[in-house]
Amino acid sequence: MTRKDYGVFLPNAAGGWMISSTAPYPPADYDYNRQVALAADGYGLDFVMAMSKWLGFGGATDHWGETIDSLSLIAALAEATTHVGVWGTIHCNVQHPAFAAKIFTTLQQISHGRGGMNIVNGSYADEFRQMGLWNDSMSHADRYRMTEAWMTAVDRLWTEPEVTMKTDFFVLDRCQSRPHPVTRPTVVSAGRSALGRKFQAKYADAAFLGSDSMAEMREFARDVHDQAAAHGRTCGTYAMLTLVIGETDAAAERAAAAYAQGIDRVALANMRSSWGWAQEKALSWAEDAPGDEAFQTPYITGSPTTIAERVHRVLDGAELDGIMLIFPDYLRDLPVFGTEVLPLLRAADG
Ligand SMILES: Cc1cc2nc3c(=O)[nH]c(=O)nc-3n(C[C@H](O)[C@H](O)[C@H](O)COP(=O)(O)O)c2cc1C
């Protein structure tokens, strides 16, 4: 067994990862996220990651209606913590590569090399339409072309004295970004498409994959590992997983069922629309969706021992290098994970 990474998806958007009126509702609040990060640091988890989100999904829960900024949050958490990786998200369709290069160089100084850059290319149109930043003429392939040019620019700014690049998306004219980071931040990329995986294998150290089944996740993880090896590099593969931990398996199942009962169908339909579904289709799907669609990610339930077994089943079954954990109630659940589940996982990982 090789060591696996266990990280936490920070709840920097109100409501966390449960779209439900009967689930706990983490606030979009710095002090709350700081407590989560301190717990993750104290229990010896490997990273915390904050997403970047600009528009929520309404409904009775106002899901993700309130969010706090990823980069200033993660910079503050770098100062508050000592060991844990601190990974923030940047939209390459919004931020110029020269801005990104300097922000993440500074993060590397604050964190003494624990910084991570999750690069996303802004695929949810309404978030950017509200700022006049959505370009309807750009295809999915164009967005990855932009991402590749952007990442190349950032890597060059991190290592070269000055950079000149003329691209379809931005221009660098003898552009300087000094000092350079002592070590390259951990580059993180989330995506499941073939283009997304190609980008991850070539540039990222950590790939977040989504899939419809364990078999598909394994296929994607193998693909990223193989493509990275062909480039003479490695890229770790990760999935998101929500843990519903109870004193017993039955108690955890009851808690998950209770969360599912409060599914917010309006917010769920709005989220699907933001993915590009037609409004009608999203509404009729959400009306009949099973309650456990309230969980935004795959989830497992159980006592601490069962949770440890099931986490390993996911890691082994999908050939992953790590998991990014989500908890319904971070401040209640993370201590249970840290004291009762993580030691079992670390012991089994060897
Ligand atoms: C773990 C994870 C984190 C993500 N974080 C963000 C984010 O913070 N902001 C955002 O706009 N998109 C985010 N996304 C969406 C991705 O950037 C990407 O658009 C999506 O995974 C689809 O990629 P694909 O077109 O390659 O399949 C995230 C996705 C995953 C799986």
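Residues checked against (1) part of a strand (DSSP E or B); (2) small (Gly, Ala, Ser):
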| residue | (1), (2) |
| --- | --- |
| MET131 | no, no |
| ALA149 | no, yes |
| PRO161 | no, no |
| MET165 | yes, no |
| VAL187 | yes, no |
| ARG197 | no, no |
| ALA201 | no, yes |
| ALA207 | yes, yes |
| GLU216 | no, no |
(request) Have a look at GLY291, GLY246, GLY317, GLY262 and point out the one that is more than 30 Å from ALA60 (Cα to Cα) and at pLDDT 95 or above. (result) GLY317
(message) Could you check the stretch 218-250 and list, in sequence order, the residues that are polar (S, T, N, Q), under 21 Å from PHE327 (Cα atoms) and outside any loop (DSSP other than H, G, I, E, B)?
(response) THR237, THR242
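A quick yes/no check of all residues on (1) surrounded by fewer than 17 Cβ atoms within 10 Å (Cβ to Cβ); (2) of a type outside the set (A, V, I, L, M, F, W, C); (3) under 21 Å from the mean Cα position of the chain (by Cα); (4) farther than 25 Å from MET271 by Cα:
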residue	(1), (2), (3), (4)
ASN121	no, yes, yes, no
PRO161	yes, yes, no, yes
ASP168	yes, yes, no, yes
VAL171	yes, no, no, yes
CYS175	no, no, no, yes
HIS180	yes, yes, no, yes
ARG184	no, yes, yes, yes
ALA190	no, no, yes, no
(request) Tell me, yes or no, whether the stretch 169-178 has at least one residue that is in contact with an Asp or Glu (Cβ under 7 Å, 6 or more places away or on another chain) and part of a loop (DSSP other than H, G, I, E, B). (result) yes
(message) Within the stretch 193-209, take every residue that is over 20 Å from GLY115 (Cα atoms) and among the charged types (D, E, K, R) and give me the one that is nearest to the ligand (Cβ to nearest atom).
(response) ARG197
(request) Inspect the stretch 99-116 for any residue being surrounded by fewer than 17 Cβ atoms within 10 Å (Cβ to Cβ), without any contact (Cβ under 8 Å) to a residue 24 or more places away in the chain and assigned to a loop (DSSP other than H, G, I, E, B) and give the result as yes or no. (result) yes
(request) Only one of these is closer than 29 Å to GLY58 by Cβ, away from the ligand (no atom under 16 Å from the Cβ) and either of a type in the set (Gly, Ala, Ser) or touching a strand residue (DSSP E or B) at 6+ places or on another chain (Cβ under 9 Å) (or both): SER137, SER111, SER177, SER123. Name it. (result) SER137
(request) Could you look through the stretch 23-55, keep only residues that are in contact (Cβ under 8 Å) with a residue 60 or more places away in the chain and closer than 19 Å to ALA294 by Cβ, and pick out the one that is nearest to the ligand (Cβ to nearest atom)? (result) MET51
(message) Considering only residues that are closer than 23 Å to VAL314 by Cα, more than 14 Å from the ligand (Cβ to nearest atom) and surrounded by fewer than 24 Cβ atoms within 10 Å (Cβ to Cβ), which ones fall in the stretch 1-17?
(response) MET1, THR2, ARG3, LYS4
(message) Looking at GLY232 and the list (1) within 24 Å of the chain's Cα centre (by Cα); (2) on the phi > 0 side of the Ramachandran plot; (3) at pLDDT 95 or above; (4) small (Gly, Ala, Ser), which single condition is not satisfied?
(response) (1)
(request) Check whether at least one residue in the stretch 211-226 is within 16 Å of the ligand (Cβ to nearest atom) and closer than 22 Å to THR106 by Cα, and report yes or no. (result) no
(request) Return yes when ASP136 is assigned to a loop (DSSP other than H, G, I, E, B), farther than 19 Å from SER52 by Cβ and at pLDDT below 95 and no when it is not. (result) yes
(request) Consider ALA101 carefully, then state whether it is in contact with a helix residue (DSSP H, G or I) (Cβ under 8 Å, 6 or more places away or on another chain) and away from the ligand (no atom under 15 Å from the Cβ). (result) yes
(request) May I ask you to list the residues in the stretch 274-304 that are closer than 27 Å to ALA255 by Cα, of a type outside the set (Gly, Ala, Ser) and not in a strand (DSSP E or B)? (result) LEU283, TRP285, GLU287, ASP288, PRO290, ASP292, GLU293, GLN296, THR297, PRO298, PRO304
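The values are calculated or read from the model by the stated rules, or taken from the named source; none is laboratory data. The model shown is predicted, which means the values in this text are computed figures rather than measured ones. Every residue, glycine among them, receives a Cβ derived from its backbone with ideal geometry; neighbour counts consider all protein chains shown.
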